[in-house]
1. Return yes or no: is ARG63 charged (D, E, K, R), free of Cβ contacts under 8 Å to residues at least 12 places away in the same chain, surrounded by fewer than 20 Cβ atoms within 10 Å (Cβ to Cβ) and part of a loop (DSSP other than H, G, I, E, B)?
2. Inside region 241-290, can you point out the residues that are part of a helix (DSSP H, G or I) and among the hydrophobic types (A, V, I, L, M, F, W, C)?
3. Can you tell me which residue is nearest to VAL44 (Cα to Cα) among those in region 97-123 that are assigned to a loop (DSSP other than H, G, I, E, B) and touching a Ser or Thr at 6+ places or on another chain (Cβ under 9 Å)?
4. Name every residue in region 9-64 that is of a type in the set (Val, Ile, Thr) and closer than 21 Å to LEU104 by Cβ, in order of residue number.
5. Restricting to region 72-104, count the residues that are buried (at least 24 other Cβ atoms within 10 Å of the Cβ) and within 20 Å of VAL28 (Cβ to Cβ).
6. For region 180-236, which residues satisfy the criterion of being closer than 19 Å to ASP141 by Cβ, more than 14 Å from the ligand (Cβ to nearest atom) and touching a helix residue (DSSP H, G or I) at 6+ places or on another chain (Cβ under 6 Å)?
7. So in region 259-292, with the set limited to residues that are near the ligand (Cβ under 10 Å from one of its atoms) and of a type in the set (D, E, K, R), which one is surrounded by the fewest Cβ atoms within 10 Å (Cβ to Cβ)?
8. Do any residues in region 193-210 that are of a type in the set (Val, Ile, Thr) have Cβ atoms under 6 Å from those of residues that are in a helix (DSSP H, G or I), where the two are at least six apart or on different chains, and which pairs are they?
Amino acid sequence: MRAGLIAASRSRVLRGVAERSSLVRPVVDRFVAGVDAPTAVATVHRIAGERLVTLDLLGEDTRDRQQAERTAQAYQQLLARLADEGLTDRVEVSVKLSALGQALPRDGDKIALDNARGICSAAAAAGTTVTVDMEDHTTTDSTLQIVRDLRVDFPWVGAVLQAYLRRTEADCAELSGPGSRVRLCKGAYDEPASVAYRTRREVDASYVRCLRTLMNGAGYPMVATHDPRLITIAEHLARQSGRGRGEFEFQMLFGVREQEQQRLARAGRQVRSYVPFGREWYPYFMRRLAERPANLAFFLRSFVSTT
Ligand SMILES: Cc1cc2nc3c(=O)[nH]c(=O)nc-3n(C[C@H](O)[C@H](O)[C@H](O)COP(=O)(O)OP(=O)(O)OC[C@H]3O[C@@H](n4cnc5c(N)ncnc54)[C@H](O)[C@@H]3O)c2cc1C
């Protein structure tokens, strides 16, 4: 079922139908903080007293250069707004390079790099940071190269590594140097066995190995998981490597295990919520359904009851 939902997340036809339908909106709102910046920023005000936030303008896989440029401009305006509202000491942004042109057939990497540079300059002016999300494995080399290029001028740019990829332990070792910010997640795409671990046990074991490398390194680990077992292991590894509470952070998705996010924050841990917003919610939402079959039942029940 997971593979089917992830395949459906790539369907442009389904995406068009779903994003135009108002019927599914109430269910989508559990995971997405509104369609526009004012609504998202209102949500950020509500949670930023307790937690840190990374704000994501939804959109990915664009094949239109102008759309990629509009997305970069929208991020720049968002960052200016966050600065005006005094939020940039607690709120950063996350970006997907495929929304900035990486998937364009000609010069995609260069276009995405230029657009990402514009966002990083705006973040620097606003006094905050940017984390570059990781997408499917065909983009990993390009994404890591763009992160390296960005870090020449903006050394605080965060990278994301996915524990389900076989290569990730080596990438963690490479990216665990001083000043490096690395978000470690399990990975949300349907990847072949040639490049990825396919069983939960293997993925979790890889997550622990990768996390140990990051915790023992000189960078700043961002532990992106809702998995209670991995959260306990992360605390243990942080203690073992002598890290104080400000020297790593937990990250979780808006709408997922909200009570656990509050519990950790109230217990004095650094917790950052990943808050997505925008009209192009469909692929993001489908990946959230794929992660948990109960979400699909919830979605279908709401869909049936509103039709
Ligand atoms: C802050 C953040 C940023 C991320 N960025 C990326 C990225 O750039 N690239 C990428 O590939 N992936 C990204 N992910 C997604 C990640 O790869 C996983 O797909 C997702 O986090 C689920 O894995 P898990 O570690 O929570 O463990 P799981 O084993 O999937 O889940 C553990 C428990 O968490 C709860 N849970 C998990 N997911 C859901 C859900 N959707 N709905 C309800 N409950 C749920 C359930 O109780 C579940 O039993 C990100 C995740 C987070 C938290």
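What follows is calculated from the coordinates using simple rules that are stated; it is not laboratory data. Values in this document were obtained by computation on a predicted structure and should not be read as measured data. Positions of Cβ are backbone-derived with ideal geometry, glycine not excepted, and every protein chain shown enters the neighbour counts.
1. no
2. LEU264, ALA265, PHE285, MET286, LEU289, ALA290
3. LEU100
4. THR62
5. Of the residues in region 72-104, 2 are buried (at least 24 other Cβ atoms within 10 Å of the Cβ) and within 20 Å of VAL28 (Cβ to Cβ).
6. Hits for region 180-236: nothing passes.
7. ARG292
8. Sorted first by the residue in region 193-210, then by its partner, the pairs are VAL195/HIS137; VAL208/ILE233.
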